[in-house]
Every structure is written in C-alpha cells, then in structure tokens.
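Notes for the one structure printed next.
Derivation of every value follows stated rules applied to the coordinates shown; laboratory data play no part. Worth saying up front: this structure is predicted, and the values here are computed from it rather than measured. Here the Cβ is made from the backbone with ideal geometry for all residues, glycine too, and neighbour counts use every protein chain on show.
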Amino acid sequence: MKVVVYVLFLLSGTTFGQSLKLTEREIEKYAKAIDKLVVENKVVRVSLPSMSGCGGALDGYYLNKSLVLVQAVFSGELGFFSQRIYVQHDQFLKLIYREHFAEWEKYYEKYPAEKYELDSAKMTYTDTVYSISLTTSTLFRKSASQTIISRKPNQKLIDRMVNCGKSMKLELQEVIAQVDSLKYIKELPYSCEDAICGDQLYWEAIKLRDNGIELLIDKLDDSTLTSANVVLFGGNYTVADIAYSALTEIIHDIPTFELLGVPFDKPGCGYCAYWNHVRKSDANRQKFKEAVRAWYHQNKRQLVWVESNNFATCDCGGKHPNGGHYKINKR
C-alpha cells in the first residue's frame with residue numbers, strides 16, 4: 001500500500017510539477033516502486049495485438065489511467081533488443097535499452113561453417129545495457145557484463161528511444177480507445193441464427209483477446225449508462241456490464257456468482273441476481289471488480305486457448321469472430 005501511495009504522490013504533482021526535474025535518487029525510487037507494482041499486479045497491463053513498428057512485442061502499464069511504464073522486446077535469431085521506459089506525467093524519466101546479440105564472427109572463427117554444423121549451445125553473446133536518467137543533466141551509463149564502460153551520452157540513441165517511446169504511447173492509446181468505445185454501443189448480441197449480431201464495437205473489443213483483458217477488468221466499476229437495452233431484464237447496460245459481457249466471451253466459465261458473492265436466483269428470475277446486485281450500489285460494482293481482478297491474476301497462467309465457434313454471451317450462429325476462447329486448464 002505504501003508503494004501505491006508513494007507513486008500516486010509523485011503522479012499528483014503536489015511536489016514535482018511538470019517543469020521540475022526529479023533527482024537521480026528520486027527517479028530510481030520511482031522506478032523501483034513501479035517495478036514492485038507490476039510484480040504485485042497493481043497496475044493495468046495493455047498490450048499491442050500486433051508488433052510495434054519500433055519496439056516489437058509491446059506492453060504498457062497504467063496506474064489510475066496514467067501510463068507509468070513501457071516495455072518492449074524485439075527478438076531475432078539468437079538475440080534480442082529491449083526497451084524499458086519509466087513515465088511520469090507523460091514525461092520520460094528513465095530509459096533502459098539492452099542489446100543481447102550472438103557473436104557470429106567469434107563463433108565462425110572457432111567453428112567454420114564449412115566444417116561444423118551450427119550449434120547454438122556453443123554461441124557466445126554480447127550483452128550491452130544503456131541506462132539513461134533524464135534529470136536536470138542527462139545521466140548516461142553504458143554497461144557490458146555489468147561493468148560500466150562509458151558515461152558519455154549517445155544523443156542519437158537517446159533521441160531514437162524518446163521518439164520510439166512516443167510512437168509506442170500512441171500505439172497503446174489505440175488499444176485503449178477500442179475499449180473506451182464500449183460506451184458508444186447501442187445493441188448487444190442476443191439471438192442470431194446464421195450470423196453474428198450486435199454492435200461491431202463489441203466484437204472488436206473481444207478480438208483484442210488477452211491484450212485487452214486487464215483493460216476490460218478496469219472498466220468493471222464504470223457505471224456510465226449506454227443506450228443498449230438489457231433484453232428481458234429491462235434497463236440499460238452500463239459500460240461495466242458491457243465490459244464484463246465481453247470478458248466472459250473472451251474467457252469462458254468465469255464463476256460470476258461466486259465472484260459476486262450472491263447466489264444465482266434458481267427459484268426466481270435466474271440471472272436477475274446479477275443485475276439486482278450490481279445496480280444496488282457502486283460499492284458492489286467495485287467489490288466485484290476487485291474479485292474478478294484477483295481471480296484473473298490467480299488463474300491467468302492456467303488459461304489455454306481453445307479453437308471453437310461456441311458463444312458464451314448470445315445464441316449466435318456462424319463462425320466466432322475470435323475463432324475460439326480461453327478456458328482454465330484444470331490439469
């Protein structure tokens with residue numbers, strides 16, 4: 001809890017305004033606090049479904065809707081480069097760039113291609129890390145094998161990383177915009193014999209798969225009303241209700257009523273127990289959100305992808321837009 005409070009204090013700008021630079025010590029403390037929040041699943045992970053143009057596999061981490069960390073890895077044959085960018089108030093505080101590449105020339109000197117087959121176990125690697133703290137005066141460290149070999153700033157590298165970071169922020173915002181568009185949905189799918197019905201925005205959010213799961217969970221306390229009518233039960237969907245519906249289409253068999261803490265209304269109207277509970281208070285929605293978040297992080301490593309045309313949220317026919325769903329592997 002102290003870590004969250006500390007980071008929120010920095011993000012609030014109470015002490016550090018946009019025009020003020022943090023000291024190196026403050027930046028290091030902030031970065032360690034963010035790393036701890038990531039490990040403890042106290043931030044929202046957003047992933048780019050496709051490869052980032054300059055970063056490769058891209059994840060962004062958000063705290064209270066604010067981007068606090070960008071992490072990207074581009075892997076190649078026997079090597080990779082990675083970027084890690086700590087962010088505060090949309091300003092980059094610390095940049096870490098790592099190059100881990102196979103030493104092909106050294107390898108072929110020892111094992112000429114005309115005499116030996118490639119044996120990756122005998123390959124050696126370079127491992128160079130650039131750590132850049134954007135304080136009042138930029139602090140630059142180039143390390144190899146954990147030994148600092150240069151402190152002279154490489155401005156081209158810094159500029160390239162900053163520009164790439166800005167590009168990756170925009171790419172992540174496009175994913176966020178897809179989930180934010182749930183508030184514009186006018187109709188959810190209900191019954192379709194030979195085609196997929198409902199608003200296309202709903203299915204686009206579902207097609208994010210695991211890249212948008214934590215974003216959807218983060219919406220589970222959003223009580224903003226939409227114009228989509230709840231068939232049979234009456235009233236309108238909130239953004240939270242639509243987000244949970246999309247979540248259950250991505251991951252089948254989430255124990256809804258166990259997480260709600262109320263029983264399914266078997267002798268009465270059945271699923272109305274959900275509507276009665278979440279509509280009763282915002283506090284109920286908040287508790288449900290935290291329960292779903294905890295359930296997901298407890299079970300996410302056991303989720304497996306199943307190719308299927310089964311729909312969880314509607315009586316729909318035809319090919320599923322996702323081509324399948326996640327389920328818990330109970331083995």
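List of remarks:
- Radius 12 Å from Cβ of Val278, net charge of other residues (Lys, Arg +1; Asp, Glu -1): +1
- Read-out volume of the Cα convex hull per residue in Å³, derived from the coordinates shown; its label in (i) 157; (ii) 147; (iii) 188: (iii)
- Which listed pairs, of Lys36/Lys110; Lys29/Lys183; Lys110/Lys152; Lys36/Lys166; Lys106/Lys156, have C-alpha distances above 32 Å, in listed order: Lys36/Lys110; Lys29/Lys183; Lys110/Lys152
- Each residue, Lys207 and Phe257, gets one label point 7 Å from its Cα in the Cβ direction; the gap between the two is 3.5 nm.
- Principal-axis analysis of the Cα atoms of the chain puts helix 155-180 at an angle of about 10° to the longest axis.
- Considering only alpha-carbon pairs that sit under 8 angstrom and 6 or more positions apart, the relative contact order computed for segment 185-328 is 31 percent.
- Cross-link partners of Lys32 among aspartates and glutamates (Cα-Cα below 19 Å; sequence separation of 8 or more within a chain): Glu24, Glu40, Asp59, Asp90
- Degrees between helix 282-299 axis and first principal axis of the chain (Cα, 0 to 90, nearest 10): 50
- Gyration tensor (alpha-carbon) shape descriptor, segment 266-320, a/c threshold 1.5: oblate
- Structural descriptor for the chain: relative contact order 12 percent, calculated from alpha carbon pairs under 8 angstrom and at least 6 residues apart.
- Segment 189-247 versus segment 259-278: alpha-carbon centroid distance in Å: 19
- The chain: calculated mean residue ellipticity at 222 nm from DSSP helix runs of at least 4, using -39500 (n - 2.57): -11000 deg cm²/dmol
- Loop-located GluC sites (Glu not before Pro) in segment 155-256, at most 12 other Cβ atoms within 10 Å (DSSP): Glu193
- Potential extension, Gln286-Lys152 segment - 0.36 nm per residue separation minus Cα distance: 43.3 nm
- Seen through its C-alpha gyration tensor, with square-root eigenvalues sorted a ≥ b ≥ c, segment 118-173 comes out oblate because a/c lies at 1.5 or above while a/b is not bigger than b/c.
- For segment 185-328, the tally of Lys pairs with Cα-Cα distances below 19 Å comes to 14, considering only residues 8 or more apart or on different chains.
- Relative to one another, the C-alpha centroids of segment 288-331 and segment 89-151 are positioned 39 Å apart.
- Cα-based shape type of segment 2-178, given that a ≥ b ≥ c are square roots of the gyration tensor eigenvalues and the cut on a/c is 1.5: prolate
- If the chain linking Val230 and Lys319 were pulled fully straight, counting 0.36 nm for each residue of separation and taking away their Cα-Cα distance, it would gain 29.6 nm.
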